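The values are calculated or read from the model by the stated rules, or taken from the named source; none is laboratory data. These figures come from a predicted structure and were not determined experimentally. All Cβ positions, glycine included, derive from the backbone under ideal geometry; neighbour counts span all protein chains shown. For the accessible areas, the whole protein counts, side chains as well, though only heavy atoms, and no ligand, DNA or RNA atoms are used. Shrake-Rupley method; radii C 1.70, N 1.55, O 1.52, S 1.80 Å.
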Amino acid sequence: MQFNIEVNNRIIEVRKGETILSALFRNGIKVPTLCNMKDLSPTGACRICVVEVEGKENLVTSCSYPVEESMKIKTHSPRVVKARKTLVELLLSNHPDDCLYCERNGCCELQDLAIDLNIRERRISGKKSRHKLDLSSPSIVRDPAKCILCGRCVRVCDEIQSVSTLDFLNRGNKTIIGTAMARDLNFSSCINCGRCVMVCPTGALHEHSYLDEVLDSLNNSSLQVVVQYGPAVTVSLAEEFGIKSGKDITGVINAALRKIGFTHIFDTAFAADLAVMETVEVIMQKLETGEGFPIISSCCPAWVKYAEQFYPEVLSYLSTCKSPQQMLGSIIKSYYAPQQNINPNAIYSVAIMPCLAKKFEAQREEMTHKAISDVDVVITTRELSRLIKMYGIDIHNIEPQTSDTPFGARSSAGKLFGTSGGTAEAILRTLHHRITGKELNSLKLQDLRSVSGIKEIPIKIGGKVFKVVLANGLTGIEKLMEGIQNKSIDAHFVEIMACPGGCVNGGGQPFKSGEKDIRARIRSLYEVDEVDNIKASHKNPLINELYENFLEKPGSDKAKQQLHTCYTKRDVLL
Amino acid sequence: MDNQDNSNIIKFFLENVLINDPSSYPKNVEDRLEVFRRNRISKPIIYIGITSSSVCAGALKVKGAIEEYISENHLDLEVVTIGGLGLCSNEPLIDVHIPGKNRVVFRKVSPNDIQPILDGVLNQYVPAEMALGQYRHKFHEPWQDVPFLDELPFFKEQNRVILSNCGVIDPNNIFDYMARGGYSALAKTIRNHTYDEICTLVEQSGLRGRGGGGYPTGTKWRKALQVSTDQRYMICNADESDPGAFVYRLLMESDPHRIIEGLIISSYAIGASKAFIYTRNSNSLTVERLEQAISTAYDAGFLGHNILESGFNIDIVVRKGPGAYVCGEETALIRSIEGKRGMPTVKPPYPTEQGLFGKPTVVNNIETIANISSIILNGVQWYSSIGTETSKGTKIFSISGKAQNICAVEVSMGTPLSKIVEFGGGVDIGRKFKALHIGGPSGFTALPNELDVLIDFDKLKEAGLVIGSGGIQVLDDSVCIVDMVKYFMYFIQKESCGKCIPCREGSRRMLEILQNISKRPLNENGHNTLERFKGVIHLESLAEVMRDTSLCGLGQTAPNPVLRTLKLFRDEYEEHIFDRKCQAGVCRDLRTFYIDIEKCTGCTACAKKCPTNAIIGTPRSPYFVVEDKCIGCGICEEVCKFSAVYFK
Amino acid sequence: MENRIEILLDKYSHSRRDSLIPILQDIQEEVGYLSEEAIILVGKHLEMPTSKIYGLATFYNQFRFEPKGTFHIQVCHGTACHMLGAVSIIDFIEKRLKIKAGQTSRNGKYSLEVVPCIGACSQSPVISINGEYHSKLTAERIKQILIDLIGE
């Protein structure tokens, strides 16, 4: 049902049951918000979105108040503007003054609000609250002094990621966001997915940056600094440099990285092909007996930590294959280094990932060989963008280049790892070939694309049904886990991505990008797949070469040693 | 009493008492009830008032002394625990009742008084100087020289409806309550009325919620009743979290069955089969009495499945609030019962639509609930004859602060506020009555010349005051207004749930501004005074935004004391800011210290410790304080071994 | 201690989140405070994240996370007590016992808690030591009470 209300002396048409805010947005009237989150019910905590409704004694929050017939609203009356301004001034009254040094300088919602409301002096000043910076996590830094307690991180951790590491602690002015027993983040059940960092309006939650380490090693002439970048990175950087959002700029990134001084540049998608080969081998072995299913993907490190903590019972189902990042890291040091006559210790292996959990993954004990880590340091897409700017590289005027041998080719299937459903699609292409000896009729598996939530998808391979389950994000994951444990879900392969949308929407991606950009990135990955010549991992000639020269064959002892691992129950405060 | 006895008594009540109107019991029933009311006694009874406040005053020690007296003298006496009359300053109170004579009340009893009192009364003599008064009863002989309670101004000026049983009956004995008409209203409700009719009755009575807002209770009930659902909940908000208010505690501890009965009827009215009483955990006695009352009400068949064979089921659970002022707000209270942080949620949806566990829920204040049984029993006409046009019934208050007589009272709506001060018995001799503060940390202060206003939801609001939950403080000239407001703001910022910005940050900033003006800076200059004054201007604008934008009532009303006192006591604020003086001598940092030359030995201890070198002198002769340099920290007073340092 | 808590939790079989506060209250009554183990056990019992339990417990005044002292001193800081000098009593105790409100002394002997209102306004200022009330306090009396307590 529709009816009219009056806003700022103008009549607008609204739908019964919607909130004032949604009605205003649809009619192009902008009201600032802070705690409001799409798809989650309003909490009314920040009060920034207040408007004046005729007949109401107090201002009402437009995010929560439903429209009523013949309502008369003022969105920018002096009373409203004064209230909003005072609210932001209150937040700023004891906010740290280090904006210039802040991670979020230039992309901070509080800063934007202060600008929009024309706050030009500290009218109200308050005692600074003293808080400890939590640097304990390899992925996420918590700076409670900058926290404005909007609660978005708590909600995303709780309602979307089903992790519930964060909650409000204490009360009143002493309220902070923290973990159980107010411990540091690395003792907590945090899975490092970084969704909280993505929704944080200020610099209270930000990534643990390793740029300094990278810069130091670049300047260290005794080190060979090798770099790899994840499949989603190349489609996520464009809008940061004013290029059409989602555009694949692999070549440009190669060139830029070379200019910065990385000695060898590899595309992690190559290792994704390798991961496909190994996973398919595992599946083939299990298909022989028909037992040990489902195989659950383990390339998302946030999901792996989630399973280790919350569902250690399903760890035996987790694919033993390392993630592409770690596979590449491993063969760089074990195969590539001797091949180039370099001491593995003299290689500094950097990975650029769209992800914060990858930082944690690289530091895992399982990911080392004889005290040499597979990957030395992980930086995010955001850090890469900073690195490019720091080295003064003009992305627009740079000739695209290719990545380096011997891992210089990839299939487009490997590229698909960057989005939810892509891993499964890549694996099925090769699996179909392994089982039937033929390629799929259509390599494009539309059923596996743009799945939302958790879905079971049966795929026909050679007359038999191969059952795939996709979990696009962790929402509702408990049900899936229960189903796997009590065998009510009978699937062959389960792909789980902790971030909705997959790596393209990872916790290490640029802050300014919105939903449109994410969609553009996914589209771009599928476009790459559309035009590429090599569309399946087993067709990648360099993969076959690698097996011939080093790993023998998928599932060999050598491959197991370098590319496989296993996970055990992790004791944290749940 | 064993179970058999109990069930026989219950049977007697069910078959003879609850079916009748309390005004017309048959003679034989009335006679037996007089036994239950302890008006016909065969041996002496000693009543001892045990409530949380009297325990503080030493009632348990008095009880011990009584028991000792009894066993020492091998007496056959009954000792009955009762609640409180509301005369807190006179506690501990004991009543002695010997056959044939009126029950007599003794005040401020100490363990040492037990012997003279009991020696006297048991031998037909009342030590009149210790007696407060005697009850009146037609069958009993009055004592000489002891006033009748109903003639004492304290009782005469009150209209005790919901407090009528307090301090009279044994709160742990359901029959005490039933013999005085208790649970008759419930029987009447269940036998004669539908849900809807009870809503209508309460609507017609004009009862308004006592929690503060004054929303019509019947209307609220009907809203919840009209939502179709499989489950509704009734919640009695008994979380008396206003510091300095104690009247609900008194009510729960002295007459818990009144709350239970009211709550069952309210639940019936909205068709709820589960009700909660949310009270403070810190008051273990309150919880104990409520739980005891609930358990006997179950035994009597007033609670549980198919009560009084009506087909109506009702369970009551006491929830011990773990201590948060904000849980007085209904949505926060609901979250707390659900096992969550007590943070208020946005309205709409209102609890009557989506409350506890998402079901329609009515949250009523305990005083509202306490009114219900009287309304049903005595009728709508009777109830609406009490009070004013728009505010019906009575209102209970607790009076504390600098009042001489700290007490809890119940007066008809429409009584002038000045009466409350009279109950308080004025202030200490030599002190001047300064103001009245009503409504606690979110309340208002009223000057002596404003006290003609009548106690009435709308009249008080017109006068810029609130009725609040009934906590009133009497202030004399030894109270510093700035300090009091600072205390309230300290309380608010500590008790704010921390969810919304205006309340969380605003209250803290306001506290800081208030702290700033009641403190002397280490380095003095003119600019600083200006800053402090600017702070006060910010106080006003902050207060307005807080009121306008806060999520719940706590934040919206928190600036009230500041705004009100800034208007009424502007001079006192300015004195703090410009003259750095606190007339009342309360703001410790604004004190200036002096050294008594008579007492000073010149030991140099103070001069050594003084952080601003404001104390000078020659060793072994008296020192003195340079006033301009003194920052009032008080270290000199602390270190002086000769009590030579004093302040003005 | 774990055992005592488990016995307690047995009383609450098939409970859901709404029993959380009563459970924590029972544990605190039994053990005196909420230890990390207790919170973990409750989390397992109710299948709730510990962060939510800790978040809830830190919200309310009642819950404490370290054991009470042998002498647990509660000072009332209600309006009436404030007007009659509760602040200087708190100050005095803090200085004398060298602990802050909410803390337990290192030797575990004393703990100090400031409570919003005991409800005995006629007796203010009031403190309670291990449940025993001391009312109408003056500077002299509190000094004497502490001397008796410390045994100086």
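In table form, for the structure just shown:
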{"read-out": "³J(HN,Hα) computed for each position of the range B:126-136 - Karplus, 6.51 cos²θ - 1.76 cosθ + 1.60, integer Hz, glycine/proline x", "value": "9, x, 4, 5, 9, 7, 8, x, 10, 6, 9"}
{"read-out": "³J(HN,Hα) computed for each position of the range A:35-42 - Karplus, 6.51 cos²θ - 1.76 cosθ + 1.60, integer Hz, glycine/proline x", "value": "8, 5, 10, 4, 6, 10, 5, x"}
{"read-out": "Pairwise FRET efficiency - residue A:72 versus residue B:390, Cβ, R0 = 22 Å, nearest 0.05", "value": "0.20"}
{"read-out": "Measure of compaction for the range B:481-579 (Cα Rg per 2.2 N^0.38 Å)", "value": "1.05"}
{"read-out": "Shape box of the range B:255-323 [Cα atoms, principal axes, largest first, Å]", "value": "37, 22, 17"}
{"read-out": "R0 of 30 Å, Cβ-Cβ distance residue B:28-residue B:75: FRET efficiency to nearest 0.05", "value": "0.40"}
{"read-out": "Furthest towards positive pole of dipole, B:360, B:304, B:260, structure part chain B, Cβ charges", "value": "B:360"}
{"read-out": "Average beta-carbon neighbours from other chains, 10 Å sphere, peptide A:147-153", "value": "2"}
{"read-out": "Binned Cα-Cα distance frequencies in the range A:212-563 - 10 Å width, integer %", "value": "5, 27, 36, 24, 7, 1"}
{"read-out": "Rounded if a/c under 1.5, otherwise prolate or oblate - chain B, Cα gyration tensor axes", "value": "oblate"}
{"read-out": "Total accessible area lost when A and C pair, probe 1.4 Å, Å² to nearest 100", "value": "1300"}
{"read-out": "Mean Cβ neighbour count within 10 Å, used as a protection proxy, ranking B:161-171, B:244-254 highest first", "value": "B:244-254, B:161-171"}
{"read-out": "Within chain C: Cβ-based charge dipole about Cα centre, in debye rounded to nearest 20 (Lys, Arg +1; Asp, Glu -1)", "value": "420"}
{"read-out": "Stokes-Einstein D (µm²/s) once Rh is taken as the Kirkwood radius of the range B:37-156 over alpha-carbon pairs, at 20 °C in 1.002 mPa s", "value": "150"}
{"read-out": "Where a label projected 7 Å from the Cα of residue A:436 along Cα→Cβ would reach, residues of the range A:394-413 with amide N under 19 Å", "value": "A:413"}
{"read-out": "Calculated diffusion of the protein assembly as shown, Stokes-Einstein form, Kirkwood radius summed over Cα pairs, 25 °C and 0.890 mPa s, µm²/s", "value": "69"}
{"read-out": "Quotient of C-alpha Rg and 2.2 N^0.38 Å, computed over the range B:297-337", "value": "1.62"}
{"read-out": "Protein accessible area in the protein assembly as shown, 1.4 Å probe - carbon and sulfur %", "value": "49"}
{"read-out": "Listing of the range B:21-70 residues, each with accessible area lower by at least 40 Å² in the full protein assembly than in the chain alone (probe 1.4 Å)", "value": "B:56"}
{"read-out": "Protein accessible surface hidden between B and C, which excludes ligands and nucleic acids, total in Å², probe 1.4 Å", "value": "3400"}
{"read-out": "Length released on extending from residue B:67 to residue B:194, taking residue separation times 0.36 nm less the Cα-Cα span", "value": "40.8 nm"}
{"read-out": "Efficiency of FRET from Cβ geometry, residue A:105 and residue B:310, R₀ 51 Å, rounded to 0.05", "value": "0.15"}
{"read-out": "Peptide B:535-546 - average C-beta neighbours from other chains (10 Å radius)", "value": "3"}
{"read-out": "Over 24 Å (Cα to Cα) - which of A:82/B:519; B:11/B:101; B:11/C:11; A:82/B:534 fall in this group", "value": "A:82/B:519; B:11/B:101; B:11/C:11"}
{"read-out": "Kirkwood hydrodynamic radius over Cα pairs of the range B:575-648, then Stokes diffusion coefficient at 37 °C and 0.692 mPa s, in µm²/s", "value": "266"}
{"read-out": "Anisotropy class of the range C:2-59 from Cα gyration tensor, a/c 1.5 cut", "value": "rounded"}
{"read-out": "Positive dipole terminus of the protein assembly as shown, leading residue within C:61, B:621, A:189 (C-beta point charges)", "value": "B:621"}
{"read-out": "Interface size A-B, as summed buried accessible area [1.4 Å probe, Å², nearest 100]", "value": "3000"}
{"read-out": "Peptide A:63-69, shielding by other chains (average Cβ, 10 Å cutoff)", "value": "2"}
{"read-out": "Among A:8, A:514, A:161 - extreme Cα towards positive end, dipole of chain A, charges at beta-carbon", "value": "A:8"}
{"read-out": "Between 0 and 90°, nearest 10: helix B:501-517 axis offset from chain B longest Cα axis", "value": "50"}
{"read-out": "Amide H contacts under 5 Å for residue B:277, placed H, 5+ residues apart", "value": "B:236, B:317, B:318, B:319"}
{"read-out": "Among the listed pairs B:274/B:347; A:370/C:44; A:85/B:434; A:359/A:553, those beyond 26 Å (Cα-Cα)", "value": "A:370/C:44; A:85/B:434; A:359/A:553"}
{"read-out": "Ratio Rg/Rh, restricted to chain C and using Cα atoms, in which Rh is the Kirkwood radius", "value": "1.05"}
{"read-out": "Average silhouette area of the range B:350-458, convex hull of alpha-carbon atoms, in square nanometres", "value": "9.1"}
{"read-out": "Relative intensity, log₁₀ I(q)/I(0), of the range A:52-138 from a Debye sum that treats every alpha carbon as a point, q = 0.25 Å⁻¹", "value": "-1.29"}
{"read-out": "Under 5 Å, built H, 5+ apart or other chain: amide partners of residue B:47", "value": "B:80, B:95, B:96, B:97"}
{"read-out": "Solvent-accessible area per residue, Å², over chain A with all protein chains present [probe radius 1.4 Å]", "value": "39"}
{"read-out": "Segment residue A:556-residue A:97, extension gain: residue separation times 0.36 nm, minus the distance between their alpha carbons", "value": "159.5 nm"}
{"read-out": "Over the range B:594-648, relative contact order from alpha-carbon pairs under 8 Å, at least 6 apart, %", "value": "44"}
{"read-out": "Cα shape, the range A:432-574, gyration tensor, a/c 1.5 rule", "value": "rounded"}
{"read-out": "Segments A:178-190, C:126-138 sorted - mean Cβ within 10 Å per residue, highest first", "value": "A:178-190, C:126-138"}
{"read-out": "Per-selection metrics, the range A:2-76 (Cα): Rg and Dmax in Å", "value": "11.3, 30"}
{"read-out": "Estimated inter-spin distance, residue A:119 and residue A:30, nm [label 7 Å along Cα→Cβ]", "value": "1.8"}
{"read-out": "Sequence ranges A:65-74, C:52-61, A:229-238, A:150-159, ranked by mean other-Cβ count within 10 angstrom, highest first", "value": "A:229-238, C:52-61, A:150-159, A:65-74"}
{"read-out": "Taking the range A:2-76 and dividing mean pair separation by its residue count, relative contact order in percent (alpha carbons under 8 Å, at least six apart)", "value": "39"}
{"read-out": "Charge dipole magnitude, Cβ of K and R +1, D and E -1 - chain B, Cα centre, debye nearest 20", "value": "1540"}
{"read-out": "Gap separating the Cα centres of the range B:381-434 and the range A:133-208, nearest whole Å", "value": "50"}
{"read-out": "Full-stretch length increase - residue A:112, residue A:460 - with 0.36 nm per residue and alpha-carbon distance subtracted", "value": "120.1 nm"}
{"read-out": "Amide proton proximity set for residue A:295, modelled H, under 5 Å, gap of 5+", "value": "A:493, A:494"}
{"read-out": "The range B:174-385 - charge dipole about Cα centre, Lys and Arg +1 at Cβ, Asp and Glu -1, debye rounded to 20", "value": "400"}
{"read-out": "Residue C:2 paired with residue C:145, simple spin-label distance in nm, labels 7 Å along Cα-to-beta-carbon", "value": "4.0"}
{"read-out": "Over the range B:377-460, relative contact order from alpha-carbon pairs under 8 Å, at least 6 apart, %", "value": "26"}
{"read-out": "Vicinal HN-Hα couplings computed from phi for the range C:64-72 (Karplus, 6.51 cos²θ - 1.76 cosθ + 1.60; Hz; Gly/Pro x)", "value": "10, 10, 9, x, 6, x, 4, 10, 9"}
{"read-out": "Per residue convex hull volume, Cα atoms of the range B:80-210, in Å³", "value": "152"}
{"read-out": "Nearest-ten-degree value, helix B:366-385 long axis tilted from longest Cα axis of chain B", "value": "60"}
{"read-out": "Heavy-atom accessible area per residue - the range B:257-343, 1.4 Å, Å²", "value": "26"}
{"read-out": "Cα-based Rg / Dmax (Å) for the range B:386-437", "value": "12.4, 40"}
{"read-out": "Rg over Rh [alpha-carbon atoms, Kirkwood Rh] for the range C:71-150", "value": "0.93"}
